[in-house]
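Each remark here refers to the structure printed beneath this line.
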Amino acid sequence: MKKLYLVLTVLVLAALVLPACGPTTPDCTKEEVFCVGLVTDVGKIDDKSFNQSAWEGVKQAESELGAIVQYIETTDAKDYAKNIATFADEGYDVIVTVGFNLGVDTRAAAPTYPNVKFIGIDQDQFEGTIDNVSGLVFPEDQAGFLVGALAAMMTETGKVGGVFGTDAVPPVWRFGEGYRAGAAYIDPAVEVFVVYHSDVGFDKTFTDPEWGAATAKSMIDQGADVIFGGGGKTGNGAVEGAAQAGAYAIGVDSDQYYTLPNAAPRLLSSAMKLITPGVFDLIKLAKDGSFPAGNFYGDAGYAPYHDLDSMVPAEVKAKMEEIAAALLDGSLKTNVPPVKP
Amino acid sequence: MDWKRFGFIALIIAVLFTIVVLIGGKSQPAILIISSMLGTTIAVATPLTLGALSGIYCERSGVVNIGIEGMMLAAAFFGWLGAIYMSSIFGFQALPSLLVGLLIAMLTGGLFAALHALLSVTFKVDQIIGGTVINILAVGVTGFLNRQLFFEKGSIFGGQVPHGPGTFTTIYIPIDKAVNGLCGLLGSDCSVAAKAASDVLSQKPIAMAAVLLVVVSHYILFNTRWGLRTRAVGEHPKAADTVGINVTFMRYANVIIGGALAGLGGAYMTLESIASFEPLMTNGRGFIALAAMIFGNWTPFGAWSAALVFGASQAFQIKLQLFRELIPAQWSFLQNAYVVGMVPYLLTMLILTGIIGKNIPPAADGVAYEK
């Protein structure tokens with residue numbers, strides 16, 4: 001037994017000493033080393049939508065700006081502040097926090113670490129501008145409006161559905177209301193079913209694909225033939241469920257044609273938030289020393305029709321381009337307020 | 001049989017359905033609403049039923065299993081992975097790939113359960129801790145492998161999830177033809193009702209298997225020698241041991257059977273409901289399944305009916321949001337999804353208070369057997 005302890009002691013000591021001999025991790029506190037850290041919302045970095053898009057923007061900074069990059073996955077909402085502090089204490093130059101829910105902790109951390117630039121995705125800064133915080137926000141209502149219009153033009157039953165995470169998160173709510181408004185803009189007679197998974201906590205509302213699929217199925221029973229799935233994995237489930245049942249599906253955040261191969265043949269389009277370029281642009285601005293505090297508006301749009309291109313009539317395509325242009329130049333308004341009244 | 005309990009449960013489900021029909025009946029035939037709600041109910045109830053059956057086998061033999069969640073998650077992942085390997089790397093057709101996936105899912109559940117049995121029966125570790133270990137282990141293993149295989153650019157699948165074999169297809173039960181034929185003889189038209197009936201009865205294989213397993217489990221537990229021995233080691237292992245029943249063997253066997261059932265529940269998620277895996281996708285269903293088991297007083301039929309209550313309340317909640325515009329003003333609080341989401345949990349607590357009959361867990365549940 002004594003021998004065992006001896007072996008264990010040697011191993012533990014070796015484990016303590018060895019890392020020092022390996023390749024040294026770059027010291028982020030140094031002036032010339034540019035480090036970017038990303039803190040996810042509850043959920044995983046490979047969620048095929050939100051966190052992943054943000055991470056790709058950070059990875060782009062790694063390859064194009066030579067940044068040292070790292071991420072921390074949040075497993076519990078109570079850890080937001082702790083995870084942010086982990087990066088800040090190590091001397092990271094830029095910290096990207098992903099998601100509306102991290103907004104409060106990001107703003108709270110900013111004054112403590114004045115030398116760190118914070119990029120808060122989906123975190124509006126209407127409360128007031130902090131010098132080292134930039135909120136990357138998107139006109140989700142416009143993206144939702146676009147796919148809502150598309151859905152209303154493509155439906156044959158006159159009924160379309162949308163399955164979302166929780167309406168307590170403003171960007172998700174804006175997608176939902178934009179969708180409703182877009183469908184009504186094309187034809188007020190089109191029935192729009194909008195269902196939120198608000199019956200569970202924040203930690204579960206975006207990670208429930210099975211619920212998403214069951215809800216999509218319920219809408220299809222009700223006659224809907226186009227389903228928009230918005231909200232992390234819950235939305236992914238709705239998209240897959242809809243595609244399985246033979247309805248048209250619409251994805252969210254990124255072009256989900258590439259992330260949901262099983263649904264791809266029935267995927268009409270995706271309501272996109274161009275998170276990746278938005279994140280990259282902000283990191284670049286931070287590096288160049290021209291970091292924009294306050295709200296920073298990213299772009300929103302809709303994804304190509306891919307496999308269903310031949311199913312979408314030319315006049316629908318033309319109308320979509322017309323609406324997109326009108327939303328961009330401001331001649332068409334979605335009339336969706338930034339937060340739920 | 002505990003008819004009071006079943007009556008109570010049937011009443012709850014009937015009330016939930018009636019409210020929706022009263023609200024939505026203006027815009028749609030009642031029969032369509034009911035068949036759609038039944039569809040959602042069965043879909044939501046399937047993994048819960050299987051999870052609850054898993055709990056029943058474990059706890060009836062005296063081992064508390066809170067690791068069902070982890071067993072389901074791991075099985076969902078490995079089953080799906082097996083199916084993907086079969087179809088995209090070895091080039092098999094969809095159905096054989098899915099069947100292999102199903103088998104792997106059940107084996108995974110069984111293996112995790114064997115670990116739980118090892119910890120709690122052989123090493124007599126606190127069974128709650130053992131279950132917690134399983135849950136944490138499953139989250140870690142599936143998350144790690146999922147990332148290594150599919151996410152990073154240098155991973156085996158090169159950062160792309162391959163096109164999988166899809167899901168099991170619905171088994172069509174031609175009840176509509178029978179009903180139509182019968183109605184035709186009577187000279188009336190009931191094609192809507194016929195279609196609704198066939199929509200409800202035509203389910204995918206795991207959903208059907210779940211119902212079948214409820215019946216089979218009831219028979220095994222209460223009508224066979226195996227069941228009697230299982231219950232004996234769960235109620236009074238010492239007595240069972242004195243008459244020559246191998247307590248350790250019975251506990252191992254039942255925990256592993258339970259694990260395989262939880263594995264089937266996991267397979268439902270990735271091979272039947274949707275055709276992809278997402279980290280953490282079980283989302284607490286293993287724990288809700290335990291609630292269903294308790295709700296059903298550790299009996300298969302009780303647990304099944306409890307799972308149906310959970311399913312019905314989901315269906316209720318979804319349909320209310322669909323009929324949002326039709327809800328009368330004085331009932332507008334029902335529009336808040338979380339109000340409705342509480343229903344099954346409130347009911348569970350109500351049942352635990354013993355209003356509709358006592359809940360009696362197996363006497364030696366959670367106690368390691370010392371010779």
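The values are calculated or read from the model by the stated rules, or taken from the named source; none is laboratory data. As the structure is a prediction and not an experimental result, all values here were calculated from the model. Glycine also receives a Cβ, built like all others from the backbone with ideal geometry; neighbour counts cover every protein chain displayed.
Scanning the range A:289-301 turns up one or more residues that are surrounded by fewer than 11 Cβ atoms within 10 Å (Cβ to Cβ) and modelled with pLDDT under 95. Which of the residues spanning the range A:212-237 are buried (at least 22 other Cβ atoms within 10 Å of the Cβ) and either more than 12 Å from chain B (Cβ to nearest Cβ) or among the β-branched types (V, I, T) (or both)? The answer is A:T215, A:I220, A:V226, A:I227, A:F228, A:G230, A:G231, A:T234.
Looking at B:L99, B:L95, B:L103, just one residue is closer than 27 Å to B:A292 by Cα, surrounded by fewer than 20 Cβ atoms within 10 Å (Cβ to Cβ) and either at pLDDT 95 or above or more than 14 Å from chain A (Cβ to nearest Cβ) (or both), and that residue is B:L103. Under the condition of being within 11 Å of chain B (Cβ to nearest Cβ) and either acidic (D, E) or under 20 Å from A:K159 (Cβ atoms) (or both), the residues counted in the range A:238-262 number 8. Summed over the range A:291-324, residues that are of a type in the set (S, T, N, Q) and in contact with a helix residue (DSSP H, G or I) (Cβ under 9 Å, 6 or more places away or on another chain) total 0. Among the residues of the range B:353-367, are any acidic (D, E), modelled with pLDDT of 85 or more and under 28 Å from B:V247 (Cα atoms)? Scanning the range B:353-367, I find at least one residue that is acidic (D, E), modelled with pLDDT of 85 or more and under 28 Å from B:V247 (Cα atoms), so the answer is yes.
Put simply, of B:A45, B:A74 the only residue that is within 14 Å of another protein chain (Cβ to nearest Cβ) and touching a Gly at 6+ places or on another chain (Cβ under 9 Å) is B:A45.
Yes or no: the range A:258-273 includes at least one residue that is assigned to a loop (DSSP other than H, G, I, E, B) and farther than 26 Å from A:G235 by Cα. Break it down into steps so the answer makes sense when it comes.
Applying the first criterion (assigned to a loop (DSSP other than H, G, I, E, B)) to the range A:258-273 yields A:258-263.
Now restrict to residues that are farther than 26 Å from A:G235 by Cα: none.
The answer is no, given that none of the residues of the range A:258-273 is assigned to a loop (DSSP other than H, G, I, E, B) and farther than 26 Å from A:G235 by Cα.
Of all residues in the range B:74-108, exactly one satisfies the criterion of being assigned to a loop (DSSP other than H, G, I, E, B), closer than 19 Å to B:Q160 by Cα and touching a helix residue (DSSP H, G or I) at 6+ places or on another chain (Cβ under 9 Å), namely B:F90.
Residue count for the range A:147-175 satisfying the condition of being in contact with a His (Cβ under 8 Å, 6 or more places away or on another chain) and either of a type in the set (G, A, S) or not in a strand (DSSP E or B) (or both): 2. Of the residues that make up the range B:297-304, is at least one in a helix (DSSP H, G or I) and within 14 Å of another protein chain (Cβ to nearest Cβ)? Taking every residue of the range B:297-304 in turn, none turns out to be in a helix (DSSP H, G or I) and within 14 Å of another protein chain (Cβ to nearest Cβ). Set side by side, the residues A:Y179, A:Y196 differ, and just one is more than 13 Å from chain B (Cβ to nearest Cβ), hydroxyl-bearing (S, T, Y), buried (at least 23 other Cβ atoms within 10 Å of the Cβ) and in contact with a strand residue (DSSP E or B) (Cβ under 7 Å, 6 or more places away or on another chain), which is A:Y179.
Could you list, in sequence order, all residues of the range B:269-285 that are more than 7 Å from chain A (Cβ to nearest Cβ) and closer than 29 Å to B:T18 by Cα?
B:R285, the sole residue that qualifies.
Being in a helix (DSSP H, G or I) and either surrounded by fewer than 20 Cβ atoms within 10 Å (Cβ to Cβ) or in contact (Cβ under 8 Å) with a residue 12 or more places away in the chain (or both) is a description that does not apply to B:A275.
Within the range B:326-340, take every residue that is assigned to a helix (DSSP H, G or I), at pLDDT below 80 and surrounded by fewer than 18 Cβ atoms within 10 Å (Cβ to Cβ) and give me the one that is nearest to the other protein chains (Cβ to nearest Cβ).
From the range B:326-340, those assigned to a helix (DSSP H, G or I) are B:326, B:329-335, B:337-340; that's our starting set.
Add one more test, that the residue is at pLDDT below 80, and what stays is B:329-335, B:337-340.
Then drop every residue that is not surrounded by fewer than 18 Cβ atoms within 10 Å (Cβ to Cβ), which leaves B:329-333, B:335, B:338-339.
Details: B:A329: 18, B:Q330: 21, B:W331: 17, B:S332: 15, B:F333: 13, B:Q335: 10, B:Y338: 5, B:V339: 8 Å.
Here the residue is B:Y338.
Of all residues in the range A:31-65, which are basic (K, R) and without any contact (Cβ under 8 Å) to a residue 60 or more places away in the chain?
Let us first name the residues in the range A:31-65 that are basic (K, R), namely A:44, A:48, A:59.
A:K44, A:K59, listed by residue number.
Cβ separations smaller than 9 Å between residues 6+ apart or across chains give the following pairs from the range B:178-190 residues that are within 21 Å of B:A30 (Cβ to Cβ) to residues that are among the β-branched types (V, I, T): B:C190/B:V179.
Can we say B:Q127 is more than 11 Å from chain A (Cβ to nearest Cβ), over 20 Å from B:S273 (Cα atoms), buried (at least 18 other Cβ atoms within 10 Å of the Cβ) and in contact (Cβ under 8 Å) with a residue 12 or more places away in the chain? Against the criterion (more than 11 Å from chain A (Cβ to nearest Cβ), over 20 Å from B:S273 (Cα atoms), buried (at least 18 other Cβ atoms within 10 Å of the Cβ) and in contact (Cβ under 8 Å) with a residue 12 or more places away in the chain), B:Q127 qualifies.
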